[in-house]
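J.: The structure is given below, and queries will be raised subsequently.
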Amino acid sequence: MNKRRLIKGLERIVGRGAVLHHPDDLLVFEYDGSVDRAAPTAVVFPTSTHEVSDVVALAHREGIPVVPRGAGTGLSGGSIAVEGGIEIALTRMRRILKIDAANRIAIVEPGLVNLDLSQATARFGLFFAPDPSSQRACTIGGNVAENAGGPHCLRYGVTTNHVIGLEVVLEDGSVVSLGDRFLGWPGYDLVGAFVGSEGTMGVVTRVVARLLPVPQAVRTLLAVFPTVDQASSAVSRVIGSGMVPTALEMMDSLAIKAADASVHAGYPKEAGAVLLVEVDGLTEAVEEEAAEVQQVCERHQPIEIRTATDPLEREKLWAARKGVLGALGHLAPNYSMGDGTVPRTRLPEVMARVGEISKEFGLPIANVLHAGDGNLHPAVLFDERNPDETRRAYEAGGEILKLCVEVGGALTGEHGIGLEKQEYMPLMFSADDLEAMAGLKVAFGTGDLLNPGKIFPTGKSLPGASQSAAVGRAGAGAYI
Amino acid sequence: MTVTDVKALAEALTNAVGPENVMHETAGYSIDGAVPSIVVLPKSIESLSSAMAAASEFGAATAPWGGGTRMALGNTIQRLDVVADLSGLDRVVQHTPGDLTVTVEAGVTLARLQETLREHSQFLGLDPPLPQRATVGGTLATAVSGPAKWQYMSPRDVVIGMKVVSADGTVTKSGGQVVKNVSGYDMSRLHVGGLGTLGIIVEVSFKLTPTPRREATLLASYPSTTDCLKASLEIFGSQVVPLGMATLDSAANERAGVASVDDARLLAVRLAGRPMTLDRQLRDSTAICRDAGAAAVERLDDDAAASLWRRVSDFGWDERTAPTIGCRASLVPSALPEVVADLEQIGTSLGLTPAIVCHPAHGTVLAHWFAQDGSVGTGGLTAMLSAAGDSVRGAAGHMVIDRCPAEVKAGLDVFGDAGDSLPIMKSLKEQYDPGNLLNPGRYAGRI
Ligand SMILES: Cc1cc2nc3c(=O)[nH]c(=O)nc-3n(C[C@H](O)[C@H](O)[C@H](O)COP(=O)(O)OP(=O)(O)OC[C@H]3O[C@@H](n4cnc5c(N)ncnc54)[C@H](O)[C@@H]3O)c2cc1C
């Protein structure tokens, strides 16, 4: 099918105003939050399941690859066009179809922005727990596809724990519903199998999301430590002594330095690491848990501890943590950010190793961590204009990934495999493991048209990653 | 087709797992009356893998077997040659208390696992019936837990990694030992609730929860089922997050022996937390229970509470309380009062006694019917089940038959209708067990 006829066909389905195909219009759809970029032939904006189904069916008949796309904030290349195919942008399907407060569920379209859901359910005293730092921009459909987490998933779990039903369009355009408004659908847990499939098993057109009660009270505690080691030990200690705070975040000295320069948090000069701990729930629970967290932190000789309960004060404590990403630009023109996860007790040792890797490769590494779940975001700083530095940055990132796997961890905690980490998959999985995974996609009817060429290794050399360009799209208030 | 050359099969399996790990006396391993020709008891994953490789060469139909507590679940098995008893896979592979994670082999019983964890003030948020016998593998394969569910999480939510042996003996893994991980597809989801039809679960990593500092249970009794359920739904709608919650009607109470109150519907709420938090939750819950018309609200601690929850969870599964028919309905919680009122009437004209337990926050109804031995025929039971199914579907819910006589089972799909996702389920089976060797026919849609 030539391009003109394809565009005509798509326009017949979704209307003229809902197909972009001029190269200028396509520019912003060439990339997501990762380094890769590729131009789609066209981007379509369907407004109903029916339209999605027709578009996918047309592509299927004509053998044209299709890539679903939410807000494009993904950090692993998931929504990047492939082989001149089309992108299906779900951003015009953003209605909340139902809020059933009595049963604590909401039924929504996939293009709904994550934060908009919690804002809409707030008047019922409910919220949607997964809160990726990009929540002002990213879509629920994208969250389902990436099984997104967020700083508060330590306590509440990630997207898969909060999605119980889906409507999806398969590669041939057929529409199926998976799960229901409650758990207990007979047969295999197809919803669970689908969540985290990175747009390779179907286009999500409807989501049944679980909601939780908005906690009565929240308290944030910020502890400044002289060294990363002390902060990491405090993390292990908090978890080990029977507490599961809502959030447990960490920054190292370089990250602190970067953030402090832009948000002026006023940390002591000798700050080597900052821990940010949040507890929420019943007023009594918050009081009791916060007191214990503070005791544990004090045992690890902090330089200072600050606490806050009212929203404005808490926001101040979070400011540096949330500002890190934007501030990295002050330190270097580019950074390459990892997302590995390690067992929490291995954090002190892993952080020390990351420091050594930084020295070995001669590049600074700033660390922000969802420390409570052992999820690292090391940012290797470099200058893209220097090819040797660029190569070393990517190699250093690769070393850190290998380190994570070596200590029993994982390649990615929340950003997904996509195009970025696919070649690293054999570090974690055997050929048999990967073949079994590939079978899942086949069972959902995916051949080589739905987001092909991602997740699974292709045998190419190990690539690198730099996301510095990306963050803009997540909008004001986004952080990592 | 059943394997005809049983002798050759037995020889191959004996070679695979060693003569000390095969059993030819197999009567104790019957599934709805079907008896295997041979039972293997592998002591390691490698040995199970060799056994499966050998069995699949013969096209032998194999059923994995954990503690045998839930073998009543599932449709009539089409063929049965081999039972793989996994109780020998009983190692706690790794428990790192500081990580709040544990990795165990599938044959470890829940009781043993919880005991190991308790020493470190941790627990796994799974509470199946008969934990002394129920294994990790069987509990996950049936995806049925008891009333205790930390923060409303279900079995699928506590698994972070899994190793599986496929029908042909291939060993694969997914996930890992970290609590947050999106590296590749989450294959474990297929096996949790998959009834061992896509692979045999052999090793599992879980995320754990710290044991709460304090715990107490409230037991409220009500003159009417409606008020009892209403109270439970109000607790679900409040800020209180119970560790477990269940309601029992008077028949269930009498049979389970939970409380010595006559003709009362009971609501049990298991609460936990640090001292002030627990007090607050007890206060709030007590007030809700009383406002909904409780005749009495009692607090139980320690052994009394533990024994109550054990009875509630085991009800319908131990020999003493096993019903003629056991069903599990899933609904939106708000539909519970209407459906339970309906179910309480069904079967009574035939002389069946219903006994109903609910896990209200999950919208789960566990309905049991008891008949005098043989007093109700297959036709009557089938009609009763279809009435119950209609009632549940009328409220847009689903019903799975957990237990019924083999003759009744032969005529129906105990899982009900899997809807338009059935074709995907069938292609999953095609992908992972193309020879249809694992528990053939027992699953939804007779997969
Ligand atoms: C500043 C910043 C902070 C971030 N913080 C976090 C964080 O804390 N935690 C976290 O987990 N992630 C985080 N991310 C990553 C990203 O925001 C999440 O992965 C998010 O879920 C992606 O949503 P999206 O709508 O932007 O999806 P896209 O980027 O548009 O797509 C992501 C993937 O989902 C697929 N997809 C999108 N919509 C659908 C659909 N309807 N059906 C099927 N497939 C679909 C795409 O094909 C692609 O594979 C962050 C990103 C940025 C830029």
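Values quoted throughout were computed directly from the atomic coordinates according to the rules given, and no laboratory measurement underlies them. For clarity, every value in this text was computed on a predicted model and none was experimentally measured. We place every Cβ from the backbone using ideal geometry, glycine too, and count neighbours over all the protein chains shown.
J.: Where does each of A:450-460, A:69-79 land if you order them by average Cβ count within 10 Å, highest first?
T.: Highest to lowest by the protection proxy: A:69-79, A:450-460.
J.: Leaving out same-chain residues fewer than 8 places away, which lysines sit with a Cα under 21 Å from that of residue A:316?
T.: The qualifying lysines are A:257, A:269.
J.: Please work out whether region B:88-210 counts as rounded, prolate or oblate from its C-alpha gyration tensor, where a ≥ b ≥ c are the square roots of the eigenvalues and a/c under 1.5 means rounded, while otherwise a/b larger than b/c means prolate and anything else oblate?
T.: It is rounded, given that a/c, with a ≥ b ≥ c, falls under 1.5.
J.: Ok, one more. Can you sort B:179, B:261 so the residue with the fewest Cβ neighbours within 10 Å comes first?
T.: B:261, B:179
J.: Mean shadow of the protein assembly as shown, computed from the convex hull of its alpha carbons, in nm²? It would help to have the intermediate numbers written out before the result.
T.: Values: hull surface 146.4 nm².
The Cα convex hull of the protein assembly as shown, projected and averaged over all directions, gives 36.6 nm².
J.: Right, another one. What are the ³J(HN,Hα) values, in whole Hz, obtained from phi via the Karplus relation 6.51 cos²θ - 1.76 cosθ + 1.60 with θ = phi - 60°, for each residue of region A:156-168 in sequence order, with x given for Gly and Pro?
T.: For region A:156-168, the Karplus-derived couplings read 9, x, 9, 3, 4, 7, 10, 10, 10, x, 9, 10, 9 Hz, x marking Gly and Pro.
J.: While we're on this one: Starting from the Cα of residue A:391, step 7 Å along the direction of its Cβ; do the same at residue B:121; then give the gap between the two resulting points in nm.
T.: Here the modelled spin labels are 5.3 nm apart.
J.: Further question: What are the residues whose amide H is under 5 Å from the amide H of residue A:112, where those residues sit 5 or more places off or on another chain and H is modelled from the backbone?
T.: Counting only residues 5 or more places away or on other chains, the set is A:140, A:141.
J.: Quantify how strongly other chains surround peptide B:422-434 by giving the mean number of their Cβ atoms within 10 Å of each of its Cβ atoms.
T.: Taking all residues of B:422-434 together, the mean is 5.
J.: Moving on to the next point. Which Cα, out of B:72, B:223, B:195, lies furthest along the positive dipole direction of the protein assembly as shown (beta carbon charges, K/R +1, D/E -1)?
T.: B:223
J.: Distance check, please: which entries in B:230/B:409; A:359/B:207; B:7/B:43; A:98/A:421 exceed 31 angstrom between their Cα atoms?
T.: Correct reply: B:230/B:409; A:359/B:207; A:98/A:421.
J.: Another question, then. Would you mind ranking A:64, A:305, B:200 by Cβ crowding within 10 Å, fewest neighbours first?
T.: Ranked by crowding around the Cβ, least crowded first: A:305, A:64, B:200.
J.: What FRET efficiency would be calculated for the residue pair residue A:12, residue A:95, taking the C-beta separation as r and a Förster radius of 30 Å, to the nearest 0.05?
T.: Efficiency, from the Cβ-Cβ distance: 0.80.
J.: Rounded, prolate or oblate: which fits region B:1-94 when a ≥ b ≥ c are the square roots of the eigenvalues of the alpha-carbon gyration tensor, with rounded for a/c under 1.5 and prolate only if a/b beats b/c?
T.: oblate
J.: In addition: Sort region B:214-314 into rounded, prolate or oblate with this rule: let a ≥ b ≥ c be the square roots of the eigenvalues of the Cα gyration tensor; rounded if a/c is under 1.5, and if a/c is not under 1.5, prolate when a/b is larger than b/c, oblate otherwise. Each step should come with its number before you reach the end.
T.: Details: a/c = 1.93, a/b = 1.23, b/c = 1.57.
In terms of gyration-tensor shape, oblate.
J.: Quick one: 3J(HN,Hα) in Hz for region B:87-103, Karplus 6.51/-1.76/1.60 with θ = phi - 60°, rounded, Gly and Pro as x.
T.: Each residue of region B:87-103 in turn: 5, x, 8, 10, 8, 7, 6, 7, 10, 10, x, x, 8, 6, 9, 9, 10 Hz.
J.: Right, next: How do A:210, A:392, A:61 rank when sorted from fewest to most other Cβ atoms within 10 Å of their own Cβ? If you can, show how the numbers build up before the last one.
T.: Details: A:210 21, A:392 18, A:61 12.
The fewest-first ordering by Cβ neighbours comes to A:61, A:392, A:210.
J.: In peptide A:431-441, how many Cβ atoms from other protein chains are near each Cβ within 10 Å, on average?
T.: Average per residue, whole number: 6.
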